Amino acid sequence: MDPPQPPPKPKALLRHVRPTDLRAAVRLAAQATTGVIGVAEGVHQSVRDRLGLPAGTAPGRTGGLTGQIYQGIRGVTQLVGHGLDSALAVLLPMVDDPSRHPEPSPAREAVLAALNGVLGDRLLESGNPLAQAMELRHQGRRLVLERPQALQERLVGASPHLLVLLHGLCMNDTQWLRNGHDHGAFLAQALGCTPVYLRYNSGLHTSTNGREFARQLEWLAAQWPVPLESITLVGHSMGGLVARAACEVAQRDAHRWRPLLRHMVFLGTPHHGAPLERAGHGVDVLLAATPFTAPFSRLGQMRSAGITDLRHGHVLDSDWQGRARFGSGVDHREPLPLPEGVACFTVAATLAPQRGLLADRLLGDGLVPLRSALGQHDDPHHRLVFARESQRTVFRTGHLELLSSPVVAQQLLQWLGPVAHDEAD
């Protein structure tokens, strides 16, 4: 029989769990409880409607004594939640010093990234401390753009070629390292560029993240230690949409980094959406079809703005503003071509062994269809025109395997290497 394992040391435990997580968990629990109460009351009222009993003043609310009971339960939940939150706000600073926290573990950061991908907009709106702020990171640490001197010291030896990598939904910058390979580190060694990684809350609207990324990149470019000659953006999955959104903002607002943008590379980017989100919208419609299942559609509608943007591949504010996120499934996007003056490349993956109807229309890389990743669309106004030599399809490869594929790495090197630079010039 194995001897009992000693409990983890406090410092080691802090790599995975922080005291402030308790306050965040209390807020999430209160919100979840309120949501479940709403679903239960909605089903209850559907039954009362059939019996001709009065409804409450708001849709899905019960009336009479039943409504008062639900309102009381809801009030107690909110009272307990606010009480615990206030108490923890006072107590935690007495027992916790964030400046002494060790570096978070990869497991913790992966969980936070996934949570933000699913609920990031709600976390931000409610002021939950688990909401991730956008950061530009180098060598695993945040670049403090507000402190130019510290930034200069962190970037000693920087190259005039800046490479920025943008992760996908429910991921973070550390996950560019997969199976021992990191496209950023590989290209840095092969091309002599300096890699910087974007970390962002992927539960926010793509256009919102694109606007903030454009702003932070403008700040970084202005403080780069050496004169910048070129910028390359590499986006995986949703990261490619964020890159396109940032490029459009930079073009409109005449950012100084925009003329320095030479290359954009998209790895499995759902330029025209992903079928899983469209399936999610279909479930919403089915649940809303009957009075008894309609309340349960609220559970599916907890998914973030970032996820619903993937239904059709939203990039601009106008793609979603003024429309209900869970309303019509019609594609309302404004056409947005690839940026002018930038060499754009795209890699699409498929789990199939070769091209064909199954690979193109159904399989894709498990998440993104080939046509979407290649920018192809039946409507020519939405079609993204990549040169034939600027497209690559890799077979027997999944969505996440694009991050570690040797074939993809070599293709990136071929596109971005010195020969490609000479041809572009």
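May I ask you to sort 385, 368, 111 by Cβ crowding, counting other Cβ atoms within 10 Å and putting the fewest first?
385, 111, 368
Given a Förster distance of 45 Å, report the FRET efficiency between residue 103 and residue 340 from their Cβ-Cβ distance, rounded to the nearest 0.05.
My answer for the efficiency is 0.60.
Residue separation times 0.36 nm, minus the C-alpha to C-alpha distance between residue 354 and residue 388: what's the value?
10.5 nm is the gain from fully extending residue 354 to residue 388.
What distance in nm separates the two pseudo spin-label positions at residue 395 and residue 146, each 7 Å out from Cα along the beta-carbon direction?
Distance between the two pseudo-spin positions: 5.3 nm.
Using the Karplus equation 6.51 cos²θ - 1.76 cosθ + 1.60 (θ = phi - 60°), what ³J(HN,Hα) coupling, rounded to whole Hz, does each residue of the stretch 117-131 give in order, writing x for Gly and Pro?
Once rounded to whole Hz, the list reads x, 8, 10, x, 5, 5, 4, 5, 4, 8, x, 5, x, 7, 5.
Need the full-extension length gain, residue 181 to residue 378, defined as separation in residues times 0.36 nm minus the C-alpha distance. One decimal, nm.
My answer for the length gained is 67.3 nm.
When ranked by the protection proxy of mean other Cβ atoms within 10 Å per residue, highest first, what sequence do the peptides 135-145, 310-320, 159-169 form?
Ranked by mean Cβ neighbours within 10 Å, highest first: 159-169, 310-320, 135-145.
Kindly state, to the nearest 0.05, the FRET efficiency for residue 156 paired with residue 252, given R0 = 56 Å and r defined as their beta-carbon distance.
0.95
Of 377, 205, how do they rank once you tally other Cβ atoms within 10 Å and put the fewest first?
377, 205
Compute the distance in nm between two label points, each set 7 Å from the Cα along the Cα-to-Cβ direction, one at residue 323 and one at residue 188.
According to this spin-label approximation, the distance is 4.0 nm.
Check which residues have an amide H placed less than 5 Å from residue 399's amide H, if you skip close sequence neighbours.
HN-HN under 5 Å from residue 399: 367.
Using the beta-carbon distance between residue 134 and residue 55 and R0 = 56 Å, what value does 1/(1 + (r/R0)^6) give for FRET efficiency, to the nearest 0.05?
Computed FRET efficiency for residue 134 and residue 55 comes out at 0.80.
Kindly put 333, 388, 323 in sequence by how many other C-beta atoms sit within 10 Å of each C-beta, fewest to most.
So the residues, fewest neighbours to most, are 388, 323, 333.
Values quoted throughout were computed directly from the atomic coordinates according to the rules given, and no laboratory measurement underlies them. These numbers come from a predicted model, not from an experiment. Because the Cβ atoms are built from the backbone with ideal geometry, glycine has one as well, and the counts that use them run over all protein chains shown.
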